[in-house]
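The structure appears below as structure tokens.
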Amino acid sequence: MNNIATPEQVTATALLLVGYAAVILFFVVRGALRIKSMADYAVGSVRFSPIAVGLSLAASMTSAATFIINPGFIALYGLSGMLSFGVVMPLASMISLVVFTKGFRKHGQTVKALTLAQWIGSRFQSTGLTRYFGWLSLLLITFIVLICVGLTQVLSNALNAPPLPVLVGIVVFIFGYMMFGGANSMVYTNTIQALLKLVVAVVLLTSGYEHFSQGVHGFLAKLAAIDPALTHATNPQSYLFRDYFEIIFCQIVIGVAIVCQPHLITKSLLLDNERDVNRYLLTAVLVLTVFFSVVFAGLYARLAFPGLQLNGQELKMDKIMSAYVVREFPVYVGLLVIMGLISAGISTLESLIQSLSSTITSDIIKPLLSPTVFSGTGGFRREIWLNRLVITVLGAVAIWLSYDQLLNAKLSVAIFAQNGVYAYFAAAFVPISFGIFLRDAPRLAVTVASVTALLVHFGVYYGRLTPYMQLPVRNPGVSAALGIVAAVVVGGVLYLALHRASVPEKTVAVAA
């Protein structure tokens, strides 16, 4: 193992982690004291300001992928990756967020949905759809793995520690306190994390200012001297940014659908009234714009490690950003950045644990048990303890899968995570979009469309269909985008067919 940090950095990082943990636990205890039901855990019982909820959304939407993993792609492949992950996808996702939020919130408030699966099931009056999306949410474990790997890479570098004990410590601490705080504490902690991430984003974006001493052309010349492909809008030698179909079309489709994740779109249900929505969205979009820009720092990292080597050894993609931070910044600035990178991961991890455990508890396990188990005065406590057991199991699975990715990732843990997460929101896109924008969307149309998205995504990916799936590392963005397009087409055709078929029946009924 390469020791990057100095003894002074190791000591300072350890002390700062203790302080950070103490602050987090303070807010967890404060939030836990207000939990009186499973609904309080899932969507909160405290009235939060729209600015705080907007910051919480921005913190949840930009995770370790944005701050730690994706900059590695940009370091490897240059401006083509920046165009894809730093421009196209963020623009599409923020526009989609604004369009989807108001319609989703209106129905969510009406039915008092606690989870995204419940929202879909209620909208189409189908307990089967609720169960289906409850089980489908297990795919989001892959995103939890990505964050755990990202956090482990940062802290193992900063502490000069082996990855396994660091990984176990991260999971035990974060999953442990999420058993108690839920949505109440999460908004507090996410707000702190978002503010810290804002500061760190500015530090990272300005960290390579000296490379612009000869202007933008001078900066590009430095990249071109390492590899001319780093300065081109497409990179045919990459696995993800080979042409504009991958960089623009697929990323627009993915960006539009990406908000259809339970830890993102349900955040609006924390708002107390409708007039708060605009301030919530404005806050989220402004902060997200800064956060998404952080991937540009990957270009600074490539200039710092032109040969992608550290101490004579190959620098794996997932370690590039953490190595850059530890090596390039003075001790105390480095500590601030490390805290920001940790916050980037923890903020989304908290949201995922909260939403996924709520879904597993409420939509998968609870319907399988007798209603009497959760009735009476002790019913609430039994449901909370069941939720804590679910979190414990999730933590154990996260350690197992994360350690495997630390040892055996193909290019990056991001490929593993994208395959699962993209499958989830590809399947959810038509039910959510039709549920929001089409008042009379038939249940059959959205169900078949959702299954179509899964079949196309996994069929293209694992069947190695299309020229994009022929290399050792496959791009899940291509298969997911094709799955989403297929789902929209199938859902749209069924909607029109079923809608037209119902018109004669209505006409006959009126005539009779």
task = Quick one: which helices (runs of 4 or more DSSP H) lie wholly within the stretch 184-296 and hold at least 1 residues that are at positive phi?
result = 215-226
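The rows are residues; the columns are (1) assigned to a helix (DSSP H, G or I); (2) modelled with pLDDT of 85 or more.
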{"site": "Thr377", "(1), (2)": "no, no"}
{"site": "Arg382", "(1), (2)": "yes, no"}
{"site": "Leu386", "(1), (2)": "yes, yes"}
{"site": "Val390", "(1), (2)": "yes, yes"}
{"site": "Val393", "(1), (2)": "yes, yes"}
{"site": "Leu401", "(1), (2)": "yes, yes"}
{"site": "Leu407", "(1), (2)": "yes, yes"}
{"site": "Ala417", "(1), (2)": "yes, yes"}
{"site": "Ala423", "(1), (2)": "yes, yes"}
message = With the structure loaded, tell me whether Tyr280 is over 27 Å from Ser479 (Cα atoms), touching a residue at least 40 places away in the same chain (Cβ under 8 Å) and not hydrophobic (A, V, I, L, M, F, W, C) or whether it fails that test.
response = yes
ask   = Right, Gly103: under 12 Å from Leu269 (Cα atoms), in contact with a Gly (Cβ under 9 Å, 6 or more places away or on another chain) and at pLDDT below 75 or not?
value = yes
message = For the stretch 299-320, give me the residue count where each residue is under 17 Å from Leu411 (Cα atoms) and part of a loop (DSSP other than H, G, I, E, B).
response = 4
inquiry  = Here is a list: Ile342, Ile360, Ile353, Ile338. Which entry is farther than 25 Å from Ser322 by Cα and in a helix (DSSP H, G or I)?
reply    = Ile360
request  = Among the residues of the stretch 445-480, count how many are more than 24 Å from the chain's Cα centre (by Cα), surrounded by fewer than 14 Cβ atoms within 10 Å (Cβ to Cβ) and not in a loop (DSSP other than H, G, I, E, B).
outcome  = 1
query = Give me the pairs: first residue in the stretch 1-25 and on the phi > 0 side of the Ramachandran plot and modelled with pLDDT of 85 or more, second residue exposed (fewer than 13 other Cβ atoms within 10 Å of the Cβ) and in a helix (DSSP H, G or I), beta-carbon distance under 9 Å, and six or more apart or on different chains, which are they?
reply = none
ask   = So how many residues does the stretch 244-260 have that are of a type outside the set (Val, Ile, Thr) and either crowded, with 24+ Cβ neighbours inside 10 Å or within 12 Å of Phe104 (Cα to Cα) (or both)?
value = 4
ask   = If you go through the stretch 408-420 one residue at a time, do you hit one that is in contact with a helix residue (DSSP H, G or I) (Cβ under 8 Å, 6 or more places away or on another chain), surrounded by fewer than 20 Cβ atoms within 10 Å (Cβ to Cβ) and without any contact (Cβ under 8 Å) to a residue 12 or more places away in the chain?
value = no
Residues located in the stretch 190-230, provided they are surrounded by fewer than 18 Cβ atoms within 10 Å (Cβ to Cβ) and of a type in the set (Ser, Thr, Tyr) = Thr206, Tyr209, Ser213
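When you scan the stretch 236-252, how many residues do you find that are touching a Ser or Thr at 6+ places or on another chain (Cβ under 6 Å) and free of Cβ contacts under 8 Å to residues at least 40 places away in the same chain?
Of the residues in the stretch 236-252, 1 are touching a Ser or Thr at 6+ places or on another chain (Cβ under 6 Å) and free of Cβ contacts under 8 Å to residues at least 40 places away in the same chain.
Report yes if Glu328 is surrounded by fewer than 23 Cβ atoms within 10 Å (Cβ to Cβ), at pLDDT below 90, over 18 Å from Tyr77 (Cα atoms) and of a type in the set (Asp, Glu), otherwise no. If you could, list the steps in order and put the result at the bottom.
Details: surrounded by fewer than 23 Cβ atoms within 10 Å (Cβ to Cβ): yes; at pLDDT below 90: yes; over 18 Å from Tyr77 (Cα atoms): yes; of a type in the set (Asp, Glu): yes.
For Glu328, the condition - surrounded by fewer than 23 Cβ atoms within 10 Å (Cβ to Cβ), at pLDDT below 90, over 18 Å from Tyr77 (Cα atoms) and of a type in the set (Asp, Glu) - is met.
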message = Could you go through the stretch 241-248 and let me know if any residue there is closer than 28 Å to Phe425 by Cα, out of contact with any Lys or Arg (no Cβ under 9 Å at 6 or more places or on another chain), of a type in the set (A, V, I, L, M) and modelled with pLDDT of 95 or more.
response = yes
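The values are calculated or read from the model by the stated rules, or taken from the named source; none is laboratory data. As the structure is a prediction and not an experimental result, all values here were calculated from the model. Note that each Cβ is placed from the backbone with ideal geometry, even for glycine, and that neighbours are counted across all protein chains shown.
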